[in-house]
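Down below is the structure, laid out as structure tokens.
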Amino acid sequence: MKNQNYVIAIDGYSSCGKSTLAKQLSAHLNFTYVDSGAMYRAITLHLLRDNVDINDIAAVENSLNSARVSFKQIDEQVRIFLNDEDVS
């Protein structure tokens, strides 16, 4: 049988329980939970550390070439790593 990849996106207002629901649903379905907000914050941290002018698109693109973002589950928690540094 062919492996299938599923993506479930939950949309809603701030503080309405999206993350809580997503974590519970992913645990119930045995899916990987990815916090897109944490991913965007990690990229922002990378750009800030690299002192990139966000109005300079070429500089942003160049900086992003060296950004490695990954998620790892450690002790029931999903941690986010930026260039192998835990930035959770």
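The set of residues in the stretch 49-60 being closer than 21 Å to residue 87 by Cα and either in contact (Cβ under 8 Å) with a residue 60 or more places away in the chain or loosely packed, with under 11 Cβ neighbours inside 10 Å (or both) consists of 51 alone.
Name the single residue that is surrounded by the fewest Cβ atoms within 10 Å (Cβ to Cβ) among those in the stretch 26-40 being free of Cβ contacts under 8 Å to residues at least 40 places away in the same chain and not hydroxyl-bearing (Ser, Thr, Tyr). So the residue we want is 30.
Of all residue pairs spaced 6 or more apart or on separate chains, those with beta-carbon atoms under 9 Å, a first member in the stretch 64-88 that is within 17 Å of residue 49 (Cβ to Cβ) and a second member that is in a strand (DSSP E or B) and among the polar types (S, T, N, Q) are 80/70; 81/70; 82/70; 84/70; 88/77.
If only residues of the stretch 28-53 that are of a type in the set (Val, Ile, Thr) and at pLDDT 95 or above are counted, the one that is nearest to residue 8 (Cα to Cα) is 43. Taking residue 78 as the residue in question, decide whether it is surrounded by 14 or more Cβ atoms within 10 Å (Cβ to Cβ), at pLDDT 95 or above and either at negative phi or hydroxyl-bearing (Ser, Thr, Tyr) (or both). Spelling it out, it is not the case that residue 78 is surrounded by 14 or more Cβ atoms within 10 Å (Cβ to Cβ), at pLDDT 95 or above and either at negative phi or hydroxyl-bearing (Ser, Thr, Tyr) (or both).
Collect the residues in the stretch 51-70 that are touching a helix residue (DSSP H, G or I) at 6+ places or on another chain (Cβ under 8 Å) and not in a loop (DSSP other than H, G, I, E, B), keeping them in residue-number order. Once the filter is applied, which keeps residues that are touching a helix residue (DSSP H, G or I) at 6+ places or on another chain (Cβ under 8 Å) and not in a loop (DSSP other than H, G, I, E, B), the stretch 51-70 yields 60, 63, 64, 69. Quick check: is even one residue across the stretch 2-13 polar (S, T, N, Q) and surrounded by 11 or more Cβ atoms within 10 Å (Cβ to Cβ)? No, the conditions are met nowhere in the stretch 2-13.
The values are calculated or read from the model by the stated rules, or taken from the named source; none is laboratory data. In this text the structure is predicted, and so the values were computed from the model without any measurement. Here Cβ is always computed from backbone atoms with ideal geometry, including for glycine, and neighbour counts include all displayed protein chains.
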